[in-house]
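Below is one structure, written out as structure tokens, with a few remarks after it.
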Amino acid sequence: MSFLLTLALLAGSWSADNWHAEIVETRTIRETIPLEGLRSFAVDNLYGAITAVGDSGSDIRMVVSERIEAVDRAALEQARREVTLEISTDGDRILVCVDGPFREPNDCEDWTRNLRPRRQYRVVYEFELRVPRSIDLAVRTIEGDLDVSDVRGRLEVGGVQGKVEIAGAAGPVKAGTVNGPVHVRFAENPREDSTFGTVNGEIDVVFQPDMSADLSFDTMNGEVLTDFEHKILPPVAKRTESQNAGTTYRLEVDSAIRIGHGGPRHRFTNINGDITIRRN
């Protein structure tokens, strides 16, 4: 199943209930996680944003703001029992996961078939991460913005309700959301395939001027624009228009192009919104 389709199915099963929280309890969790030779790090959230910044450090530094919203004291105690923040090691990867009754048993990354909020409480985790710059990173949430900067390894960034912002990427990227924009800026052009997708929102990706790759586009209610010179891969024709700022190439919405001599295959998928590919 494709990355974007998986997110869309999650959105389709997600419907927020209208209720009022009488009790709100907060706390801050601080953790330093040594990598000890492990290569990748993943955070799988439910409610709440995730911000990750790459630096020259050698371990994971994590600050998590936890907020429990409950209709009464009994629901608050139920939330404490049922929803936990789990840290585990899986192969060469460290996984931080928000676990609870919305997960499949014994699988902290898989959702139950009936993925709906609990009517009596909600637990929100806001993550602020500092990670080694070269790490492979995967972050996911259902409701909240995702912001990753200066992480040069493989990136997988996925949400449902919220925007995706990536800056300073250098490795392959898999970025997607359902309701929100996807903005990605590469510090170095990726040497492997990447995918970018949303259902409702724009996609705006900035590559370095020396990019050489094959790009394919699929959008229903939007335009595809680029300022890279390119070749249209058959059988799609090209239309161009001249503007004061230079020549802009307006592409057919189901199109594929080659920039430079070709190379990695980057796929862009959208339903309601434009796709823009720009030179830095």
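I need the full set of residues from the stretch 43-95 which are more than 24 Å from ARG130 (Cα to Cα) and acidic (Asp, Glu), in order please. Passing the criteria: GLU69, ASP72, GLU77, GLU82. A single member of ASN200, ASN221, ASN179 is surrounded by fewer than 16 Cβ atoms within 10 Å (Cβ to Cβ), under 15 Å from the mean Cα position of the chain (by Cα) and not basic (Lys, Arg), and it is ASN200.
Under the condition of being within 16 Å of ASP147 (Cβ to Cβ) and part of a strand (DSSP E or B), the residues counted in the stretch 48-60 number 6.
Exactly one residue out of ALA70, ALA75, ALA42 is in the same structural domain as LYS163 (by TED's automatic domain parsing) and within 19 Å of the chain's Cα centre (by Cα), and it is ALA42.
Inspection of the stretch 112-134 finds no residue satisfying the criterion of being modelled with pLDDT under 85 and part of a strand (DSSP E or B).
Determine which single condition SER149 fails, assuming it passes every other condition in (1) surrounded by fewer than 19 Cβ atoms within 10 Å (Cβ to Cβ); (2) not assigned by TED's automatic domain parsing to the domain that holds GLY54. Unmet for SER149, out of (1) surrounded by fewer than 19 Cβ atoms within 10 Å (Cβ to Cβ); (2) not assigned by TED's automatic domain parsing to the domain that holds GLY54: (2). Within the set GLN208, GLN161, the sole residue that is in the same structural domain as ILE259 (by TED's automatic domain parsing), on the phi < 0 side of the Ramachandran plot and of a type in the set (S, T, N, Q) turns out to be GLN208.
The values are calculated or read from the model by the stated rules, or taken from the named source; none is laboratory data. Remember, it's a predicted structure, so these values are computed and weren't measured experimentally. Here the Cβ is made from the backbone with ideal geometry for all residues, glycine too, and neighbour counts use every protein chain on show.
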